[in-house]
Every structure is written in C-alpha cells, then in structure tokens.
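Asker: Quick one: the structure is below, and I'll ask about it shortly.
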Amino acid sequence: MSINQPVLKSLKELLQGRKFAIDEYQREYKWEEKNITELLDDLYTKFLVSHRPENPTEAVANYESYFLGSVIVSQRAGRNYLVDGQQRTTSLTLLLIFLHHLQNKLRAEGVLPNSVNLTLLIYSDNFGANSYNLDIPERRPVLEAIFNEKEFDPTNQDESIQTMFARYKDIEQEFPEPLRKGEGLLHFVYWLLNRVFVIEITATTDEDAYAIFETMNDRGKPLSPTDMIKAYLLAQIADTNERAAVNRLWKQRIQQLTTISKEEDADFIKAWLRAKYADSIRERQAGAKNQDWERIGNEFHKWVRDNRKLIGLNDAASFERFLRDIFIKYSNIYERIRHASLEFTEGLETVYYNAQNDFTLQYTVLLAPLSDGDDQETILRKIRVTASFLDILLIRRIVNYIRISYSANYYAMFLLLKEIRNKPLYELVEILEKRLNEEEATFDSARGGERRGIDEFGLNNFSKRYIHHILARMTAHIETQSGRENRFAEYVRRNTKNPYEIEHIWANHYSRFNTQFASEKEFDDARNNLGGLLLLPADFNRSFQDKTYEEKLPHYNAQNLLARSLSLACYINNPQFLEYVKCSNLPFQPYEHFSRQEQKERRKLYRAIAEEIWNPARLRKDAGL
C-alpha cells in the first residue's frame, strides 16, 4: 500500500492555496441543519475555553486546539480527490465565506479595525476569475452566488446545491451572536485557521485511498454514546433474563427512532435528558466551563454516570424502571412529536409549524412539562399548549427581526424548560401566559420601541423564509375558517414541481408610482412590506409578475382565498367566507385599483389576521381549560 505519512494540519494548512475535487460517483453533500448547529456550537464552546476579551490576538497561538477528525485524499493527475471529508470540507468552506462577509460588514461599520484575509482558503485567482478551492464544477454556481452575495434560486437544482445553499443560510442564522457583533471575532478567526486541526492521510492511488477509508469505517468502529449509555444502564440490572428483556425493548425503540434519521437516537437522548434533568448551563462568557446542558450535548453517557443520583438511579430496581418505563415512555412521545414535525398531523399542527421555522429546540422544550404519571390526554394537551406558546413567541420575534436560531435562543429555552418542568397543566398555562405578557417582542414593537413590529415587517434577506411561512399560515387560516381544508403543508413546501412563491402585488416599476412616493427607496420599502405580498404558484409568479395590478386582478380570483379577497368576485356567492368575515370583523374588502392607500389598508388586514392566528388566548383552548 502506497500512502504518505499521516500529517496533522491546521485548517489553514489544509485549505490555503490547495484545490480539492470529488469523483462523480461520490455521495452528495448531505449535512443537515443540526450538523451545522453542532459544529458551530462545538467550535465556539472550545474557543471560549481559552479566550479572554483582553487577550491580544497573538495569544491565540496558545489557545487550546480542536480536532476535527481525518481527511483522506487520493492524489492523481496532479489533483487532490477527497475520498473522505467532503462533508466537513464543504461546511468549513461555507463558514469561511460567511466569516469573510461578516468581517467586511463589521469593518465597513467601524466595529473591526482590520480583518483576516480568508480569500486564499476559499478561492485562487485564475487570470482574473475565481477558481474555488472546493473544485467541483457543478457546485460552482452556488459558491459563486454565496461568495458574491447574489440572488440564487436553488429550486430544481441537484441535492448538493440545494443543501449547500440551505446550510449557508443556517450559518447566517446560527452563528454565535457575540461573534456576530464582533466580540472576539478576530481572535476566533485566527483560532479557527491555526488551532483547528485535521489529520490528512494521502494515498497515491484510488485503490489505496478507498482501502484506508473502508478500514477506518468498518473495523474497530468505536461505540457510540448511545451504545455506551445502554451498556452502563443494563450492567446495573443483575437478573440476566430481565436484562435481556430490557435490552430487547431498548433495541426496538432505538431501531424505530433511527428510521427517522441516522442519529435520531442520540438526538432523543439529548433532548430528553436536557428537558427532564439539566439543572445548569455554561455562563455566556469567556473561560466558562461546560455544565449540564453542554455535557449532555457532548457526552451524555458520561453525564448520566456522573449524575445517577440526580436522575434517581439508586439501585437495580431504579435502573430497571428507568429503562423499562421512563425511557420507553419518553422515547415514544419524542417519536410522535418528531413524526408530527415532519408530516402535518391533526391535533399537533403547531409542532409542524415550529419545525417549518427550523426551531429545533422545540423538541427539548415540549418534553419538559411532561410528568412520568401523565396520561395520554394530558400529554397531548401539554404538548399542544407549549407548542402554541413557542409558535406565538417565534412569530413575534421574527416580525421584529429578532433571530430565532439555536445559538440565539438556547439559553432562554433552558431557563424556560426549568420553569415549566413537570408542571401540572393549569400551572403550565399560567406560566406560559405570563411569559407572553412579559415578552418584549410583540406585533406592536420590541425592545422599547427600537423595532416597529408587524406593521413595518417586509421582505429582505433575513425575512424571506419567514414571510413565506407567515403568508402560508395566513392563507391556510382564512381558508380553514371559511370551511375549506388546511393546505398549509402545500403552500409551504418548496421541493415540488410548481412550488408556491412570494408574489409582489406591485410590479417592480417605480415609474408607475413616482407620484405617490418621494424616492425609489421609499417605494421599494412599501412594495416589500408584508401587506403588499401574496403566496402564489411559481408559474403564475413568472407569468404575471411584471403586469399592472389591474391586469393581475382577474387572475388572482382563480387563486387561493387570500389572493381572491382582492377581487370583488370573491364576495359574491361565497357564503362561508362572508360568514367568517362577518363573525371575525376582519377588514376584508376588494380593490379595483391598488395604490398606496389601498396597500396601507391591506397592511391593517394582515395585522388583524396575524393577531387572530397568534392570539395568546389559544393557550387555554389548546389546554382544554
């Protein structure tokens, strides 16, 4: 076998001035949002172990290092082919592009005095054209769009391109807030480049490279944390027959969970242990040590062993009950919640709504108020009311441009779950109502008036994904209230042949409105306001987007009910809709023309619909109180 000596390389040494290709038969880029979230959290956590705000950047040379694993490379025809490591290499490239843009933004704002040049780790100059170091021709368009901050539509692109674009958006959302503001950012970038390491194993033939890959993945595979926690818990049950019976139950549950995703067993155990037992969390400052929350996330098998008394594991009988009763009960509940997050489920619709907003913390929070002795009806009510609380909270924050990412919200969710843990239903509702009453973010404003609430909420890079969601909710709501089926899942789904897209009621022609607006920017702000938007099929959008309102109006009448409500025809021979309008007292009305005044009226309608959907009174209804 012909291989070079494995070499420990920093990220800078791995990527700078080098190009990596992959063979056509290699698997697609498949990282999920949770993989990106875990990577960012792990990197930031390790960075904070050594970092102190007063440190000069030179001190980073002595910060603790972080090991990312191995990369296997096959060298042929003068090129480096990634046999193993493309998932991490692709993800790190996306992170570097994000850091490049963030540094430029903060320098322009005067926050950073200088920046670290990352371009050589991202691309090289090929006679004036960017030649990306991730040298995969079919993925170049998405890298080009992300790096140059251009509009890009991943719809109908291949899986890797769609996933890369989605994961970059996740990095934008999930990147730690202090670093995003510039606090320690230069230190972090230097640390990432110089103190984050991989082992590069290079072979001179494909045969040798794949032999190494297969050996590393098939032989001597280390036990997972799930395997290790099972071994520890089962070892405490002395009776051989009982241990074998419990082991069968464990394997059945784990098998069911992993039908959802490959790592769902570990995701469940983390969510469960955090929800029911985590009592501490790392302080949000440099040098702070990991506590329950972080240890459960990184090494839950060790945490359980170290905290057996806290969990109530005192003797063989308690271990048996923990596995046979508690583990089985909560894994079943978790599985039900996860299936509801993936498929629109009657009675658990709000779980699906929150999942569509990528709020992965909901699984932990939803488990927190459940008690070991709760019956199925109580469990369902607690899940519904807690999911509705999260739904209202998230939308209030979104319309005030407050991030709902994991990194921006995990600390607040930890405090929430401690407050609602094991609470009776009526007390749970009171706590959640009180929290909504005290929440700074409302549809009016947030943070003492610094943010303007839903009236000023409009389409931009931050809000696009959320506006699609909000329009889908509003459209589905008025249709279900008018006696029709709930089509939210259809409206929100993007991976179909003719997906729904955001439609501007006004075409992008300032000249048509220059008598109503003092500047083109003022027109753009109004055009992009939520009140001037609809959700329509992509083929309609492309065919009619440039036409005047008067030309579009007859075609709106053939679309969903929110679009139809602009047309007079919607108010004729439509008894259930008219009854809903009468009972709700919502300011629906048709418009023959749609000027600035009509759009202001439409904003008021959308606000009223939003206040009806995300009304805190839902909590008592969902709880059956």
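Asker: Which condition number in (1) surrounded by fewer than 20 Cβ atoms within 10 Å (Cβ to Cβ); (2) under 25 Å from Glu38 (Cβ atoms); (3) at pLDDT 95 or above is the one that Leu361 fails?
Answerer: Of everything listed in (1) surrounded by fewer than 20 Cβ atoms within 10 Å (Cβ to Cβ); (2) under 25 Å from Glu38 (Cβ atoms); (3) at pLDDT 95 or above, Leu361 misses just condition (1).
Asker: Starting from residues that are at pLDDT below 90 and among the β-branched types (Val, Ile, Thr), keep the ones in the stretch 227-253 and report whichever is farthest from Glu264 (Cα to Cα).
Answerer: Step by step, filter the stretch 227-253, then rank; the result is Thr240.
Asker: Check every one of the strands (runs of 3 or more DSSP E) wholly within the stretch 1-120 and list those with 3 or more residues that are more than 29 Å from the chain's Cα centre (by Cα) and not basic (Lys, Arg).
Answerer: 66-76
Asker: Please state which one of Asp267, Asp325 is modelled with pLDDT of 90 or more, farther than 19 Å from Leu234 by Cα, part of a helix (DSSP H, G or I) and acidic (Asp, Glu).
Answerer: Result: Asp267 is the single residue among Asp267, Asp325 that is modelled with pLDDT of 90 or more, farther than 19 Å from Leu234 by Cα, part of a helix (DSSP H, G or I) and acidic (Asp, Glu).
Asker: Right, Ser131: open to solvent by 10 Å² or more (accessible area, probe 1.4 Å), outside any helix (DSSP H, G or I) and over 30 Å from Val83 (Cβ atoms) or not?
Answerer: Judged against the criteria, Ser131 is not a match.
Asker: Let me ask something else. Of all residues being farther than 28 Å from Asn585 by Cβ and part of a loop (DSSP other than H, G, I, E, B) in the stretch 464-502, which is most open to solvent (accessible area, probe 1.4 Å)? Just the residue, please.
Answerer: Once the filter is applied, the top-ranked residue is Lys497.
Asker: Further question: Return the residues of the stretch 527-582 that are modelled with pLDDT of 95 or more, within 36 Å of the chain's Cα centre (by Cα) and among the small types (Gly, Ala, Ser); say none if nothing qualifies.
Answerer: Gly531, Gly532, Ala563, Ser565
Asker: Hey, any hits in the stretch 509-532 for a residue that's in contact with a helix residue (DSSP H, G or I) (Cβ under 7 Å, 6 or more places away or on another chain), under 19 Å from Tyr591 (Cβ atoms) and part of a strand (DSSP E or B)?
Answerer: Looking through the stretch 509-532, at least one residue is in contact with a helix residue (DSSP H, G or I) (Cβ under 7 Å, 6 or more places away or on another chain), under 19 Å from Tyr591 (Cβ atoms) and part of a strand (DSSP E or B).
Asker: Take the residues of the stretch 45-84 that are open to solvent by 50 Å² or more (accessible area, probe 1.4 Å) and in contact with a Ser or Thr (Cβ under 7 Å, 6 or more places away or on another chain): which is modelled with the highest pLDDT?
Answerer: Glu64
Asker: Hey, another quick one. Sort through Asp315, Asp292, Asp306 and tell me the only one that's free of Cβ contacts under 8 Å to residues at least 60 places away in the same chain, out of contact with any Lys or Arg (no Cβ under 9 Å at 6 or more places or on another chain) and under 22 Å from Ala231 (Cα atoms).
Answerer: Of Asp315, Asp292, Asp306, the one residue that is free of Cβ contacts under 8 Å to residues at least 60 places away in the same chain, out of contact with any Lys or Arg (no Cβ under 9 Å at 6 or more places or on another chain) and under 22 Å from Ala231 (Cα atoms) is Asp315.
Asker: Out of Gln597, Gln589, Gln576, report the one residue that is part of a loop (DSSP other than H, G, I, E, B) and open to solvent by 40 Å² or more (accessible area, probe 1.4 Å).
Answerer: Just one listed residue meets the conditions, Gln589.
Asker: Considering only residues that are farther than 18 Å from Phe414 by Cα and not hydroxyl-bearing (Ser, Thr, Tyr), which ones fall in the stretch 360-384?
Answerer: Of everything in the stretch 360-384, those that are farther than 18 Å from Phe414 by Cα and not hydroxyl-bearing (Ser, Thr, Tyr) turn out to be Asp372, Gly373, Asp374, Asp375, Gln376, Glu377, Ile379, Leu380, Arg381, Arg384.
Asker: Also, quick follow-up: Consider only pairs whose beta carbons are under 8 Å apart and that are at least six residues apart or on different chains; among these, list those whose first residue lies in the stretch 488-501 and is β-branched (Val, Ile, Thr) and whose second residue is surrounded by 14 or more Cβ atoms within 10 Å (Cβ to Cβ).
Answerer: Between residues of the stretch 488-501 that are β-branched (Val, Ile, Thr) and residues that are surrounded by 14 or more Cβ atoms within 10 Å (Cβ to Cβ), the close pairs are Val492/Gln356; Val492/His468; Val492/His469; Val492/Ala472; Val492/Tyr500.
The values are calculated or read from the model by the stated rules, or taken from the named source; none is laboratory data. Since we're looking at a predicted model, the values are computed, not measured. Cβ sites come from the backbone with ideal geometry, for glycine too, and all protein chains shown count toward neighbours. Please note that ligands, DNA and RNA were not included when accessible areas were found on the heavy atoms of the full protein model with its side chains. Shrake-Rupley method; radii C 1.70, N 1.55, O 1.52, S 1.80 Å.
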